[in-house]
Amino acid sequence: MLSFDNNPGLLQFNILQRHPEVLHFVTTRQRPDGTGNDFNIGYSGGSHDDCVNNRLALCKAVGLGPEWFVFQNQVHGCNVHVVRKGDGASGFYDKESAVRDNDVLVTDEPNVCLITRSADCIPVLLYSPDTKSCAAVHSGREGTYLGAAVEGAKALKVNFGADYAKMIACIGPGICKDCYEVDSNCAAKFMDGNRFPSDTYTVKGKKVYLDLKRMIFYDLLTLGIVANNIEISDICTKCANDRFFSARAGDKQRFCAGICVFG
Ligand SMILES: [Zn+2]
């Protein structure tokens, strides 16, 4: 991944660089102004005021106002919310006004920034250049099983007419296949049938290690998104816990990924 505007605290995917009409970012622990390593974007991970101030610092760093942002209250599901202009600033200043019970935000409205929060769960950003529509998806273990990223891509097609063959998918920093140990009962449903190829999990005795990023990749391929249009971040949030928040490492804080199309 690349630095956003030469700022080591904010990252970008290589694959979206050729689309200047898209602004996107992934935050890290590092404050964009370089003053600390506690850049929490989630309301459950610290004081309310600190989180608001961090979000305002993010606005400043990426050059967007709070009224552009749309946050969701994530529940490890695959519900889709189609964001309209009036949704601006949802969940920015408080948790209560975020889009409720939702893990997939999609829009074709310009100048709206869709946000997904994470700490090990995989953030997925989708962009459809033909319809100028985009999605931000929260895909942890349950979301990946439920196909949250696929639901996001389908919503871009159904609502806005996006073509899978032109769609771009960015699979963000999240827990890696060496770190994501689950018990065999939990793993069974992932290993059942042919949906996930055998390179998406490793069995070591009673423990199974899941590769959520690769599962999402295969699901998107099956849907019709082209491999060349999918970028997978090689950053593991637990291995790189010095740079990212990780739930498995005990962090309550969250980083975020956001995407916005300029109109
Ligand atoms: Zn790891």
**Fill in**
Cα-Cα longer than 18 Å, checked against Lys95/Lys252; Lys213/Lys238; Lys204/Lys252; Lys60/Lys132; Lys95/Lys213; Lys95/Lys157, kept in input order, equals Lys204/Lys252; Lys60/Lys132; Lys95/Lys213; Lys95/Lys157
**Furthest towards positive pole of dipole, Tyr145, Ser90, Leu210, structure part the stretch 79-218, Cβ charges** = Leu210
**Asked** Going by how many other beta carbons lie within 10 Å of each one, how would you line up Met215, Met1, fewest first?
**Response** Met1, Met215
**Prompt:** Around Val75, with a cut-off of 10 angstrom between Cβ atoms, what is the net charge of the other residues, counting Lys and Arg +1 and Asp and Glu -1?
**Reply:** -2
**Fill in**
Residues Val62, Val226 in order from fewest to most other beta-carbon atoms within 10 Å are Val226, Val62
**Request:** Would you mind classifying the stretch 173-263 by shape? Square roots of the alpha carbon gyration tensor eigenvalues, ordered a ≥ b ≥ c; an a/c under 1.5 is rounded, otherwise it is prolate if a/b is larger than b/c and oblate if not.
**Result:** oblate
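Taking the Cα centre of the chain as origin, work out the dipole magnitude from +1 charges on Lys and Arg Cβ and -1 charges on Asp and Glu Cβ, in debye rounded to 20. Before the final figure, lay out the partial values.
Working: 28 positive and 30 negative charges, 77 e Å.
For the chain, the charge dipole is close to 380 debye.
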**Burial ranking of peptide ranges 244-251, 256-263, 156-163 (average Cβ count within 10 Å, highest at the top)** = 256-263, 244-251, 156-163
**Message:** Whole angstrom only: what separates the Cα centroid of the stretch 66-117 from the Cα centroid of the stretch 1-38?
**Reply:** 20 Å
**Message:** Tell me which cysteines of the chain come out unpaired when the rule is another cysteine's Cβ under 4.7 Å.
**Reply:** Cys51, Cys59, Cys78, Cys121, Cys134, Cys170, Cys179, Cys186, Cys256
**Fill in**
Once the in-chain neighbours fewer than 8 apart are removed, the aspartates and glutamates whose Cα is under 15 Å from Lys85 read Glu67, Asp108, Glu109
**Request:** Give the order of Lys213, Lys166, Lys189 when sorted by the count of other beta carbons within 10 angstrom, beginning with the fewest.
**Result:** Lys189, Lys166, Lys213
**Request:** Can you tell me the dipole magnitude for the stretch 106-208 around its Cα centre, using point charges on the Cβ only (Lys, Arg +1; Asp, Glu -1), in Debye to the nearest 20?
**Result:** 200 debye
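Any read-out appearing in this document is the output of simple, stated calculations on the displayed coordinates, not a laboratory observation. Because the structure is predicted, anything quoted here is derived from the model rather than measured. Because the Cβ atoms are built from the backbone with ideal geometry, glycine has one as well, and the counts that use them run over all protein chains shown.
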